[in-house]
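Structure, as structure tokens:
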Amino acid sequence: MNALPPPRKLWVRLLLMALLAAAFQLAASVLLFLAVVQLVLAVGTGAPNVRLQHFGRSLSRYLAQIAEFESFTSEELPFPFSDWP
């Protein structure tokens, strides 16, 4: 059977939470920029950009992973400690 990984020391988790909170803020800013670009593209071309839609989907998954770690819902570390979603 697979044993659960040992729990992190609380001070290590605190440090990781602070780093990931900063990453969350940066990613949220990127998401806002992406939303504005998509809106401009949709107005200009009549449709959103498909590649930006895919990036937006992965960015939203990344934000969700950070939120799960920050709220102690998950012990799995998001990017850059694991693969990009």
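Output the Kirkwood hydrodynamic radius of segment 7-48, Cα pairs only, in Å rounded to one decimal.
Final number for the Kirkwood radius of segment 7-48 is 12.4 Å.
Please return the longest stretch of the chain lacking exposed loop sites, where chymotrypsin sites (Phe, Trp or Tyr not before Pro) count only if DSSP places them in a loop and at most 12 other Cβ atoms lie within 10 Å.
1-71
Angle, helix 50-70 long axis vs. longest principal axis of the chain, Cα atoms, 0 to 90°, nearest 10?
With rounding to tens, the tilt is 30 degrees.
Return a whole-number percent for the relative contact order of the chain, with Cα pairs under 8 Å and 6 or more residues apart as the contact set.
For the chain, the relative contact order is 25 percent.
Just from the alpha-carbon atoms, what are the Rg and Dmax of the chain in angstroms?
That works out to 16.4, 56 Å for Rg and Dmax.
Note the angle between two axes, namely the Cα long axis of helix 10-45 and the longest principal axis of the Cα atoms of the chain, as a number of degrees from 0 to 90, rounded to the nearest 10.
Between helix and principal axis, roughly 10 degrees.
Trypsin sites (Lys or Arg not before Pro) within segment 9-85: which are DSSP loop residues with at most 12 other Cβ atoms inside 10 Å?
Those that pass, being in a loop and sparsely packed, are 9.
We did not get these values from a lab; they are worked out from the coordinates using the rules stated. Since this is a predicted model, take the numbers as computed values, not measurements. Don't worry about glycine lacking a Cβ; one is built from the backbone with ideal geometry, like all the others, and counts go over all protein chains shown.
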